There are 2 protein chains.
Amino acid sequence: MNAAQPRPEKFEPDAVAGLNPDFVELVHAALDEANTDKAKALAESLHWSDLADLLEKLAHDRRETLVEALRAEFPANVLTELDESVRERVIEQLGLHQLANVVADLEADDVIEIVEELENHEREEVLDALSDDDRTLVEEGLSYPEDSAGRLMQRSVVAMPTHWNVGQAIDFMRETENLPRDFYDIFLVDPRHRPVGAISLSRILSTRRHVALNALMSADLKLIPADMDQEEAAFLFRQRDLISAPVVDDAARLVGVITVDDIVDVIHEEHEEDIMRLGGVGEEDDLFAAVLDTTRSRFSWLMVHLVAAIIASGVINLFAGTIEQMVALAVLMPIVATMGGTASVQTLTVAVRAIAMRELTPANALRTIGKEIVVGFLNGLLFAVLIGVVAWLWFGSQALGGVIALAIIINFIVAGLAGSALPVYLQRLGFDPAVASSAILTSITDVLGFYVFLALAALLLL
Amino acid sequence: MNAAQPRPEKFEPDAVAGLNPDFVELVHAALDEANTDKAKALAESLHWSDLADLLEKLAHDRRETLVEALRAEFPANVLTELDESVRERVIEQLGLHQLANVVADLEADDVIEIVEELENHEREEVLDALSDDDRTLVEEGLSYPEDSAGRLMQRSVVAMPTHWNVGQAIDFMRETENLPRDFYDIFLVDPRHRPVGAISLSRILSTRRHVALNALMSADLKLIPADMDQEEAAFLFRQRDLISAPVVDDAARLVGVITVDDIVDVIHEEHEEDIMRLGGVGEEDDLFAAVLDTTRSRFSWLMVHLVAAIIASGVINLFAGTIEQMVALAVLMPIVATMGGTASVQTLTVAVRAIAMRELTPANALRTIGKEIVVGFLNGLLFAVLIGVVAWLWFGSQALGGVIALAIIINFIVAGLAGSALPVYLQRLGFDPAVASSAILTSITDVLGFYVFLALAALLLL
């Protein structure tokens, strides 16, 4: 490096990713001082995805003030980025008339994302504000089933006949007015508009004008039927490292294209579903939902657990006499239940995740269940020894130690069996394996744990 | 439609997504008949990502036979797609010498993904097989911290000076031999090679040759420091719907590019981590791990729960005399613990998810904790009434109903407080909020549930 040249300063990324907390504080302060002009100016300096984040992070009344300030030129893209429950409130505040103005700036797939959540009459009012062309696109999109590829796709696609060459392709793109804003592949179609190949733009750009497109194209094309579930489509994208993929109708004709940025959102949604269901919370139960909505959405799951707990209590009640004679049983019985419950949730988590990733299929279900039973048995053995010794030393009874050890082994084996077989079975019946599994499982291991432990005690100790 | 023309048949996608189970059966059958030629031919007909799936789904001995058959021309890309524990076994089977031959076909970022898991001396042997250029690229990549943007990026980038026009850009790409296989944006750099703007390829292709690049470029560029955590980078991609983003060194010079397909893998990894940690299983604990590895990886988590359970038993033991006098307490006490545990896991799940999505930050932590306490109180009230009535009717004691109702309310409030405050606090201390939270939480709600219920009973009922 030339000594006379100044050393480049160390690069300091300002806000590394996302909103700076200090910035949020500035907006807070401005709103609390009723300085809405300043708050508005701050908000307008943000990228729309950061503005959406800001709106999510503000308390309800502050958010209302800011939305009011932004109302006249509310940025359309912010709506698509907002969390659903916040979006609902913002839309309510804007009113349908203003909402219609706002969505008129969006592309058809984004409009669909917003209006699909509205009531029918509200939807009509918003669609009325669109141009006829846009309205047709949105209505066609809405005609596909919810969560399908058809809802997700963009309608405008760059398609060309197979007999063109690179030069013709480039000239066509330069001359066409209404190209999609962003696209990554060109699709080659036969005369019936069925896709037969794809060429990435980087391939086009690194090739001379005279080369024929069909010499460049990759024919190993995954066609996505418009009614395919979005989760299937996301699987394909991940599997093949796709950036965009053609969507086709019943007759295999090209009707749209799905791009990976929409898939990233789908992946997040699906993961959220899995994690929420495993934790026993509804999808609508997020950080921004109102207190009463959250309370209601958790109630039903708690109710399921209550029923399970009452059944477990009923089992304990069968042995009330035994416990009266030997209160150590009441002291120790939660250990059997806790350990069985934990082991079964571990197994369940691995199984649910593997089903979601399509690693666990009918082809290896039996082998997996078998493995989980062996794992349960081995850990059961280890913990049986540990817990047996603890019980023996604590209550000075070798027999009590033996009884709890036996109960632990049995409960671990059942935990391995039920934790893997239940989600596989639910999936086969067409249910989401994450739903209900954990309540049913804990119920099984609790009831069984209490029963085995207390029954063995009644049989062997008294 | 012309009546003479045959109606297009309904389009039937063959294997909609992923491997066909019948196909897996065919391979099974071929391997079981020791017809390795047929199995090999079937395997070779697959796309490499499907072949990776197939290898994952085969039982250990069948997989070994198939890998042996494929050994001579083992497809390099299959290795990058394999699940980690299966990959480890396949690598062991292939041997370092063969592995070195195989990875020589891969791009530097894929080689990094494979060799970063090897021991130092194994890594050396594999790197020795690479060309000097490739070896340098891989070693530079390995010099970045694990899970950083530097490890993830591709080193070869399409960068141009700002003063070029579209025609020059296209000519450059046509004439350059070593362009990256796939790229989506062109980066414009200043004379010190610092990125100042980006242009998507679709933009280039729809613009005439004489237009200056700096008229097309978007200057609102997010630079990713090479040492940024991959999770941060993934957040940026999702936030901005990016397809590719420039990676820069300390002096803000362009050193590589990250593309969205790698980000999709990161998102999956991070989600897997979250879900596994919430369920109390290690990341290495997947469907394909060996029985002993799985047993060992689950043991430590079970141990944590055992300690928690023994503490809970200790609490119960304090009230052994009370239980002896009133065995109904032993019957009902699991209800208090189960309900508190369930409520706290619900809260925890929402909080962990919100932290991962950066919805829960210091700016709204207090508000969130407050909301969760209110939700806990409200559901606590509802279930207190329900459970109180059940206890009253079951054991004919209004006082017992009152005691359990009071215990339920207290436990729900604590569940809301601890379930939200604990992950926030762990995160602030620099821990992963999903780790340990659920064991600590269940321990809190168990111990507290038993204590409050039994102590109130001792105080008020006897």
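Values in this text are rule-based calculations from the coordinates and carry no lab data. Note that the structure is a prediction, hence the values are computed from the model and not measured. Glycine gets a Cβ as well: all are built from the backbone with ideal geometry, and neighbour counts include every protein chain shown.
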**OP:** Please state the charge dipole magnitude for region A:82-241, taken about the Cα centre, from unit charges on C-beta atoms (+1 on K and R, -1 on D and E), reported in debye and rounded to the nearest 20.
**Re:** 1500 debye
Subject >> Label-to-label distance, nm, for residues given as A:GLU124 and B:GLU175 (7 Å Cα→Cβ offset) >> reply: 6.4 nm
Subject >> ³J(HN,Hα) computed for each position of region B:227-235 - Karplus, 6.51 cos²θ - 1.76 cosθ + 1.60, integer Hz, glycine/proline x >> reply: 9, 5, 5, 4, 5, 4, 4, 5, 4
Subject >> Residues in region B:319-348 reached by a label modelled at A:ASP432 [backbone nitrogen below 17 Å; 7 Å Cα→Cβ] >> reply: B:346-347
Original post:
Got the B:ASP105 label distances to the other copies yet, label 7 Å along Cα→Cβ, in nm, shortest first?
Top reply: 5.0
Subject >> Simple spin-label estimate for A:ALA290 and A:ASP250 in nanometres, 7 Å along Cα-Cβ >> reply: 4.3 nm
Original post:
region A:363-446: D in µm²/s via Stokes-Einstein (Kirkwood Rh, Cα pairs, 20 °C, 1.002 mPa s)?
Top reply: 155 µm²/s
Subject >> Relative contact order (%) - criterion: Cα under 8 Å, at least six apart; region: chain B >> reply: 11 percent
Original post:
Among A:TYR451, B:TYR425, which comes first, then next, by fewest other beta-carbon atoms within 10 Å?
Top reply: B:TYR425, A:TYR451
Original post:
Under 19 Å from the 7 Å Cα→Cβ point of A:VAL385, by amide nitrogen: which residues of region A:401-432?
Top reply: A:401-413
**OP:** Starting from a label point 7 Å past Cα on the Cβ side, list the distances from B:ALA41 to the same position in the other copies, nm, shortest first.
**Re:** 7.6
Subject >> For B:MET160, residues with placed amide H under 5 Å, excluding near neighbours >> reply: B:PHE187, B:LEU188, B:VAL189
**OP:** First measure r as the distance between the Cβ atoms of B:ALA159 and B:ALA455, then evaluate 1/(1 + (r/R0)^6) with R0 = 56 Å and state the FRET efficiency to the nearest 0.05.
**Re:** 0.20
Subject >> Beta bridge orientation in chain A: antiparallel %, DSSP, nearest 5 >> reply: 75 percent
Original post:
Can you work out the FRET efficiency for the pair B:GLU269 and B:ALA59, with r the C-beta to C-beta distance and R0 = 30 Å, to the nearest 0.05?
Top reply: 0.70
Original post:
When the Cα atoms of the protein assembly as shown are enclosed in a convex hull and the volume is divided per residue, what value in Å³ results?
Top reply: 209 Å³
Original post:
Simple spin-label model, 7 Å along Cα-to-Cβ: B:ASP133 to B:GLU231 in nm?
Top reply: 3.7 nm
Subject >> Sequence-separation-based contact order of region A:21-146, relative, with Cα cut under 8 Å and 6+ spacing, percent >> reply: 19 percent
Original post:
Classify region B:291-460: rounded, prolate or oblate, from the alpha-carbon gyration tensor (a ≥ b ≥ c, eigenvalue square roots; a/c under 1.5 rounded; otherwise prolate if a/b is larger than b/c)?
Top reply: oblate
Original post:
In whole Å, what three semi-axes, largest first, describe the equivalent ellipsoid of chain A built from its Cα gyration tensor (square root of 5 times each eigenvalue)?
Top reply: 54, 31, 24
Subject >> Over region B:348-462, relative contact order from alpha-carbon pairs under 8 Å, at least 6 apart, % >> reply: 30 percent
**OP:** Pull out a ≥ b ≥ c, the square roots of the eigenvalues of the alpha-carbon gyration tensor of region A:21-146, then state rounded if a/c is under 1.5, prolate if not and a/b is larger than b/c, and oblate in the remaining case.
**Re:** prolate
Original post:
Based solely on its DSSP helices, what 222 nm [θ] is calculated for chain A when runs of n ≥ 4 H residues each add -39,500 (n - 2.57) and the sum is averaged over all residues, nearest 500 deg cm²/dmol?
Top reply: -21000 deg cm²/dmol
Subject >> Sorted by Cβ neighbour density within 10 Å, fewest at the top, the residues B:ASP22, B:ASP285, A:ASP265 >> reply: B:ASP22, A:ASP265, B:ASP285
Subject >> Beta bridges by DSSP in the protein assembly as shown, antiparallel share as percent, to the nearest 5 >> reply: 75 percent
**OP:** List the distances, in nm to one decimal, from the label point of B:ASN178 to the label points of the same position in every other copy, shortest first, placing each label point 7 Å from Cα along the Cα-to-Cβ direction.
**Re:** 4.5
**OP:** Kindly identify region A:159-259 as rounded, prolate or oblate by the Cα gyration tensor criterion: order the square roots of the eigenvalues as a ≥ b ≥ c, call it rounded if a/c is under 1.5, otherwise compare a/b with b/c, prolate if a/b is larger, else oblate.
**Re:** prolate
Original post:
By count of other Cβ within 10 Å, fewest leading, how are A:VAL375, B:VAL327, A:VAL67 ordered?
Top reply: A:VAL67, B:VAL327, A:VAL375
